[in-house]
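J.: Sharing a structure with you now.
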Amino acid sequence: MFKKVLIANRGEIACRVIKTAKAMGIQTVAVFSDADRDALHVKMADESVHIGASAAQESYLVVDKIINAAIKTGADAIHPGYGFLSENATLAEQCVSNNIVFIGPPVAAIKAMGSKSAAKNIMSKVDVPLVPGYHGDNQDLQVLKSAADEMGYPVLLKAVAGGGGKGMRQVWSADEFESALKQAKSESMASFADDVMLVEKYLTQPRHVEIQVFCDAHGNGVYLFERDCSIQRRHQKVIEEAPAPGMSDEQRQAMGEAAVRAAQAIDYEGAGTVEFLFDTDGSFYFMEMNTRLQVEHPVTEMITGEDLVEWQLRVANGESLPKTQQQLSHTGHAFEARIYAEDPDNDFLPTSGTLEFLQNPPESNNVRVDTGVQQGDEISPYYDPMIAKLIVWGEDRSQALTRMQAALQEFRIFGVTTNIAFLQKIFNSQAFAQAKLDTGFIEKNKDEVFKSTEINLDSSLTMLALYCILSRRQEAKSDNPWHSGNAFRMNQPNHHRFQFEHGESIHHVVVEDLDKDSNNNFRVSVNETTCNVSAQLKNDSIIAEINRHSEKAVVAVSNSNFRVFTEDATVDLNLSLPDYGDSVSGGAGDFCAPMNGTVVELLVEKGASVSAGDALLVLEAMKMQNTIVASEDGTVTEIFFSSGDLVSGGDELLSFEAS
Ligand code: ADP
């Protein structure tokens, strides 16, 4: 077996490959760009090599840099992951000439499948069904158009060199053809420096079903069943599952055998995926073959119990396939949801930013999270904005679906906009539960999957106010009544008052401490309603008993912005006027810092006349802001600190004379 493998990739797939390599006792080398200096894949690998600037064109896409890194570290094999150089014949060639094993298919196989039309020509020779269409060399407008006219509209124009849904256009009638062709060609030119097109019959309700194949250098080939990847936005997959719902064993076998024929037709070795369109009448058509490990490979691993990266390493090492077709079987059902930093309400535009808060669902035999990031990491604009893949397994589709819903609810992210709520709406939809899948699913169900969720704001406001009080109480160490966070007032009930903003609206919450000793029982008034609550804070979670009903919320904080994750919603709230109750509002001489912190803002100047309740100074401590307010009318006679100063708990902040 190899001693050392270099992973020519980043993010979750680099981490995924490292895990298996480690388990097999193989040393690992990571490569990284400027932006990835502190990335998880670098931390996980035994060694790492810096390969250039953040832009992929200057690092992850430069064949020479990858090869040199492998030579320098003495790696005997390169795993390319997916994307980047994974289907690049030059990298595979360079590996061969430098005596490094490329963990992927032979150069000729990559080349054969690199062009969609050349691939189709090969497939037609081995009886793999193709979508009716034209995939010839003659690119004259008239030739392409008459091919389209003959097969009848709608048709689909596809860039021969295309990928990732780029360079593709639907054409619904003859008079649209010319302009659609122009657009597709220019998009293809921009993305692939090539504008050769093919024309296909456009199927209006197909499913995307693909077969995982594996071949070794000894002539063996197997299929590891299928994945349904019909849930796509912008022709890109977002949810995948295995097996494909409703597929009969006969269909599975026919499709699987066609896929193995396709692979063997090009003397394939290693992991590959043969993609088919699966039509409503059960017929299927070859679309393309991906000569690498796919993003969605974990659903296959979940139903077969096989580790596909281990298979890749063994096959690349010259071993025979670990199992024969007869030894392979599948059990249960698996889903994968791709968690992206993107905005579904803004045409799925990628987003970037810092993952201020990242809580993955707990992993188990049934729940797996493949990720390359940790809390505090940056989702940079340089690369694919995938944050993680959430994979679940169940005995059947319905159990897997329930597990996915539960796990998604426990996926909590704050800092960048994600597609989590959008994914939840898909998994919660009736159409998905009934497996009414086709590639137009999102468009067809747009009312349901884009609708805004109704939220119970009062419950989030209650939980957040309790969080603010209890987290401060937990962190406050001083015995001074001003520091205890229990809103101590001489001869007064203990009140905490908060003002939160939710979008444009403003909400007031008053929390009354009912019990000074245990500090756990409160009366909370939110907007017009009041309830009795007992609450506890555990890490980031508030567990509350509200009118004998138990509720849980997780709170993520960034400055005075909060994201509250309750059982049925995620709500963003901003603390606009902090807890007066916890602020220092005693008489003259009592204006002391309640805890160590920083003066954020002076709201008055020395000599200012103020009225009771006026805000004087804002302090930030433990990520929360405290406003110091005047308890009575008077004059600020001295201010001892400037904005930006650090103060210690107990420091006198200003002097005050009551009028
Ligand atoms: P790319 O390589 O750019 O991903 P594919 O050829 O794999 O392009 O197609 C991507 C997606 O486009 C498919 O999953 C399917 O949803 C849709 N598609 C492709 N060909 C057709 C077709 N002939 N009819 C209908 N939909 C198609």
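J.: I'd like to verify a number: residues in segment 182-204 that are more than 10 Å from the ligand (Cβ to nearest atom), among the aliphatic types (A, V, I, L, M) and open to solvent by 10 Å² or more (accessible area, probe 1.4 Å), how many?
T.: Qualifying residue count for the region: 4.
Results for (1) away from the ligand (no atom under 16 Å from the Cβ); (2) at pLDDT below 95; (3) within 19 Å of the chain's Cα centre (by Cα); (4) not assigned by TED's automatic domain parsing to the domain that holds PRO361, shown as yes or no for each residue.
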position	(1), (2), (3), (4)
ILE391	yes, no, yes, no
GLY394	yes, no, no, no
ARG397	yes, no, no, no
LEU401	yes, no, yes, no
PHE422	yes, no, yes, no
THR439	no, no, no, no
LYS444	no, no, no, no
ALA465	yes, yes, no, yes
ARG473	yes, yes, no, yes
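J.: Could you list, in sequence order, all residues of segment 593-613 that are at pLDDT 85 or above and within 17 Å of SER631 (Cβ to Cβ)?
T.: Within segment 593-613, LEU603, VAL604, ALA608, SER609, VAL610, SER611 meet the criteria.
J.: When residues of segment 232-247 are filtered for being within 14 Å of the ligand (Cβ to nearest atom), buried (at least 17 other Cβ atoms within 10 Å of the Cβ) and farther than 20 Å from PRO80 by Cβ, how many remain? Don't jump to the end; show me each part of the working.
T.: Residues of segment 232-247 within 14 Å of the ligand (Cβ to nearest atom): 232-240, 244.
Imposing the further condition that a residue be buried (at least 17 other Cβ atoms within 10 Å of the Cβ) reduces the set to 232-233, 237-240, 244.
Next, only the ones that are farther than 20 Å from PRO80 by Cβ stay: 232-233, 238-240, 244.
Residues that pass the stated criteria total 6.
J.: So which residues in segment 46-73 are open to solvent by less than 50 Å² (accessible area, probe 1.4 Å) and in contact (Cβ under 8 Å) with a residue 24 or more places away in the chain?
T.: Step one: filter segment 46-73 for residues open to solvent by less than 50 Å² (accessible area, probe 1.4 Å), giving 49, 51-56, 59-60, 62-63, 66-67, 69-70, 73.
The answer is VAL49, SER54, ALA55, ALA56, SER59, TYR60, VAL63, ILE66, ILE67, ALA69, ALA70, THR73.
J.: Pairs needed: first member in segment 120-145, within 17 Å of ASN290 (Cα to Cα); second member anywhere, away from the ligand (no atom under 16 Å from the Cβ) and open to solvent by less than 50 Å² (accessible area, probe 1.4 Å); C-beta distance under 6 Å; at least 6 residues apart or different chains.
T.: ILE122/ALA265; VAL128/ALA258
J.: Just checking, how many residues over segment 634-655 are open to solvent by 10 Å² or more (accessible area, probe 1.4 Å) and modelled with pLDDT of 85 or more?
T.: The number of residues fulfilling the criteria is 11.
J.: Considering only residues that are in contact (Cβ under 8 Å) with a residue 40 or more places away in the chain and more than 20 Å from GLN375 (Cα to Cα), which ones fall in segment 28-45? If you could, list the steps in order and put the result at the bottom.
T.: Step one: of segment 28-45, the residues in contact (Cβ under 8 Å) with a residue 40 or more places away in the chain are 29, 33, 35, 38-41.
Listed by number, the list holds a single entry, VAL29.
J.: Which residue pairs have Cβ atoms closer than 8 Å, lie 6 or more positions apart in sequence or on different chains, and pair a first residue in segment 286-302 that is in the same structural domain as GLY372 (by TED's automatic domain parsing) and within 18 Å of PHE102 (Cβ to Cβ) with a second residue that is in a loop (DSSP other than H, G, I, E, B) and of a type in the set (Phe, Trp, Tyr)?
T.: THR291/TYR268; ARG292/TYR82; LEU293/TYR82; GLN294/TYR82
J.: Still on this structure, I have one more. For GLU226, indicate whether it is among the acidic types (Asp, Glu), away from the ligand (no atom under 12 Å from the Cβ) and buried (at least 18 other Cβ atoms within 10 Å of the Cβ). Before you say what the answer is, go through the steps one by one.
T.: Working: among the acidic types (Asp, Glu): yes; away from the ligand (no atom under 12 Å from the Cβ): yes; buried (at least 18 other Cβ atoms within 10 Å of the Cβ): yes.
Against the criterion (among the acidic types (Asp, Glu), away from the ligand (no atom under 12 Å from the Cβ) and buried (at least 18 other Cβ atoms within 10 Å of the Cβ)), GLU226 qualifies.
J.: Return the total of residues in segment 134-168 being among the charged types (D, E, K, R), open to solvent by 20 Å² or more (accessible area, probe 1.4 Å) and under 30 Å from ASN88 (Cα atoms). I'd like the intermediate steps shown before the answer.
T.: Let us first name the residues in segment 134-168 that are among the charged types (D, E, K, R), namely 137, 140, 145, 149-150, 158, 166.
After this cut, where a residue has to be open to solvent by 20 Å² or more (accessible area, probe 1.4 Å) as well, the list is 137, 140, 145, 149-150, 166.
Applying the additional criterion that residues be under 30 Å from ASN88 (Cα atoms) yields 137, 140, 166.
So the count comes out to 3.
J.: Which one is modelled with the lowest pLDDT among residues in segment 500-511 that are over 11 Å from ILE469 (Cβ atoms) and open to solvent by less than 50 Å² (accessible area, probe 1.4 Å)?
T.: Taking segment 500-511 as the starting set, the residues that turn out to be over 11 Å from ILE469 (Cβ atoms) are 500-508, 510.
Narrowing the set further to residues that are open to solvent by less than 50 Å² (accessible area, probe 1.4 Å) leaves 500, 505, 507, 510.
Values: PHE500: 91, SER505: 91, HIS507: 91, VAL510: 88.
Taking the candidates together, the pick is VAL510.
J.: Please give the helices (runs of 4 or more DSSP H) falling wholly within segment 248-359 in which 2 or more residues are polar (S, T, N, Q) and more than 16 Å from the ligand (Cβ to nearest atom). Give the steps one after another, and end with the answer.
T.: Details: elements: 249-265, 297-304, 308-316.
Answer list for segment 248-359: 249-265, 297-304.
J.: Those residues that are open to solvent by less than 10 Å² (accessible area, probe 1.4 Å) and not aliphatic (A, V, I, L, M), I need them from segment 1-19; list them, please.
T.: Initially, segment 1-19 is screened for residues open to solvent by less than 10 Å² (accessible area, probe 1.4 Å), giving 5-9, 13-15, 17-18.
Scanning segment 1-19 gives ASN9, CYS15.
The values are calculated or read from the model by the stated rules, or taken from the named source; none is laboratory data. A quick note: this is a predicted structure, and the numbers were derived from the prediction, not measured. Note: ideal-geometry Cβ built from the backbone for every residue, glycine included; neighbour counts use all protein chains shown. Remember, those area values only see protein heavy atoms, side chains included, never the ligands or the DNA or RNA. Shrake-Rupley method; radii C 1.70, N 1.55, O 1.52, S 1.80 Å.
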